[in-house]
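Some notes on the structure that comes next.
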Amino acid sequence: MLLGQATFARVMERTRLRIGLGRDFDRLWLGESVSAVGTQLTALAIPTLAIFQLHATPFDVGVLTACTFAGYPLVGILGAPLIDRIARRSMLLAMNILRAAALATVPLAGAFGLVSLGQLALVALIVSGATALFDTAYQSAVPQLVREEELLGANARLETSQSAANFAGPALAGWLIGIIGALATIVGDAVSYLWSALMVSLISIADDPPRVARPNPIRDIASSFVLWRRYSALVALAACVVISNVGNMAVRTALLLVAYRVFALGPDGAGWILAVGGLASVIGATLAGPVSARLGVGPSLALATTVEGLAWAIAPLGFLVTPLVVLGVASIVSGLMTPVWNVNVVTLRQRIVARDEQGRVVAVSRAFATAGVALGAFAGGVAATVLEASLGERVGLVTAMTAGAIVAGLSAIPLLTGGVLRLTTLPRQTNAS
């Protein structure tokens, strides 16, 4: 017997999974949770494909990793005014479809034996730029989907999904690469973006563009930097982030090369190294508040950024004891510190920046952070190439990784010279400029 439309709707409403924040947010959250895992598949599959099948050099890996993040600072800054002129749902849909289409070209080219390092770099650049616009649009859309008093809980759910993906994704990626290969694993990420697009298409928020004055992109970008410069603490934090990201990305660029070519670990081993770091970051998120309360905001930031980088300096111990254990321990220690930094720095910025200046100041801050990531990946590739040529593959690659860790460990210096280290409590929220 067929159910009537009204009866069917009531049945679906009763059986629908709820998290208490509304149907539209449920769909956005579900889409983002799946695509976050998919992103981790590509994060391991593309460099693995480059190293094993395309015989990428350390310099090639550095360029490829840099392209994975280079779209963020450029597109993020230039695209900020665009977000206010295009409907949120339309932007989210377009960026999901663009990312899926770009990734799909990789297994398609691989099926004909045409995949190349140049294509991988171009795809990585497109996906990073599209992600920059997507992230800005969805952060702007969340306040439309939940009530003001539910906003903190909504962001916490999104962050929890991301932390879970950082743990499960790399392990799943390593397992899939070992079974079906890197090319087929990338398909999983493309499908995850299509799933996210489907969830976004079901959101019922109005799809009309916000009614704002037509922006002047050059003027908006210039004014954003002027606003950002007014907050002296943010200048010190930006310098810290750039140094940290340069060092840490040099580490990450060398990490898979060290795992694969120096210590002969397979994709499953590399996946578990990244996975235990993701699990540690979930635990670290619960420590951010207690550490800040115990040490103060400034000292907590200094501790986090120093230990996060220096943890990887133990990599040479892999020559003496089990390398999987050594790199796993480094990943755990570093992972514990990452959320301590993230939670405290975001909260500090939200408290010192006027509410009506948050968007522009955040865009500039993210531009500095991601520029450091791209620069560090490229510098790491260059350093690994030079050191490999002078010291040999095994010693050279591990030395490059250790050097990156030391650079990252020095990132707290701007916090000392810029006065951030003296901050013990968070300042009061600034309501307006």
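Given the condition closer than 25 Å to PHE368 by Cα and either of a type in the set (A, V, I, L, M) or touching a Gly at 6+ places or on another chain (Cβ under 9 Å) (or both), answer yes or no: does some residue in the stretch 319-332 qualify?
In the first step, residues of the stretch 319-332 are kept if they are closer than 25 Å to PHE368 by Cα; the result is 331.
Imposing the further condition that a residue be either of a type in the set (A, V, I, L, M) or touching a Gly at 6+ places or on another chain (Cβ under 9 Å) (or both) reduces the set to 331.
Looking for residues that are closer than 25 Å to PHE368 by Cα and either of a type in the set (A, V, I, L, M) or touching a Gly at 6+ places or on another chain (Cβ under 9 Å) (or both), one finds at least one in the stretch 319-332, hence yes.
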So THR306, is it without any contact (Cβ under 8 Å) to a residue 40 or more places away in the chain and open to solvent by 30 Å² or more (accessible area, probe 1.4 Å): no
All positions within the stretch 381-422 that are among the hydroxyl-bearing types (Ser, Thr, Tyr), more than 15 Å from ILE243 (Cβ to Cβ) and open to solvent by less than 60 Å² (accessible area, probe 1.4 Å): THR385, THR399, THR402
Residues of the stretch 253-289 satisfying the condition of being closer than 30 Å to VAL395 by Cβ and without any contact (Cβ under 8 Å) to a residue 40 or more places away in the chain: ALA264
Any idea which of VAL242, VAL235 is open to solvent by less than 60 Å² (accessible area, probe 1.4 Å) and modelled with pLDDT of 90 or more? VAL242
Can you tell me how many residues within the stretch 257-269 are assigned to a helix (DSSP H, G or I) and over 21 Å from the mean Cα position of the chain (by Cα)? 7
Looking only at the stretch 132-150, count every residue that is surrounded by fewer than 19 Cβ atoms within 10 Å (Cβ to Cβ) and at pLDDT 75 or above and tell me the total. 1
Return the pair list, or none, for Cβ contacts closer than 6 Å from residues in the stretch 225-245 that are within 11 Å of VAL420 (Cβ to Cβ) and in contact (Cβ under 8 Å) with a residue 60 or more places away in the chain to residues that are open to solvent by less than 30 Å² (accessible area, probe 1.4 Å) and small (Gly, Ala, Ser), at least 6 apart or on different chains. CYS240/SER411
Scope the stretch 270-328; condition part of a helix (DSSP H, G or I), within 27 Å of TYR260 (Cα to Cα) and more than 23 Å from the chain's Cα centre (by Cα); matching residues: ILE314, ALA315, PRO316, LEU317, GLY318, PHE319, PRO323, LEU324, VAL325, VAL326
Top-ranked residue of the stretch 214-224 - restricted to ones that are in a helix (DSSP H, G or I) and open to solvent by 20 Å² or more (accessible area, probe 1.4 Å), ranked as modelled with the lowest pLDDT: PRO217
Top-ranked residue of the stretch 316-333 - restricted to ones that are more than 14 Å from VAL276 (Cβ to Cβ) and hydrophobic (A, V, I, L, M, F, W, C), ranked as surrounded by the most Cβ atoms within 10 Å (Cβ to Cβ): LEU317
Single match in GLY178, GLY118, GLY129, GLY110 (criterion: modelled with pLDDT of 80 or more and within 18 Å of the chain's Cα centre (by Cα)): GLY129
Which condition number in (1) touching a Phe, Trp or Tyr at 6+ places or on another chain (Cβ under 9 Å); (2) open to solvent by less than 30 Å² (accessible area, probe 1.4 Å) is the one that LEU227 fails? (1)
Tell me, which residue of the stretch 151-174 that is open to solvent by 70 Å² or more (accessible area, probe 1.4 Å) and at pLDDT below 70 is nearest to GLN40 (Cα to Cα)? GLU159
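The values are calculated or read from the model by the stated rules, or taken from the named source; none is laboratory data. Because the structure is predicted, anything quoted here is derived from the model rather than measured. Reconstructed Cβ throughout: ideal geometry from the backbone, glycine too, with neighbour counts over all protein chains shown. Side chains included, ligands, DNA and RNA excluded: accessible areas come from the protein's heavy atoms. Shrake-Rupley method; radii C 1.70, N 1.55, O 1.52, S 1.80 Å.
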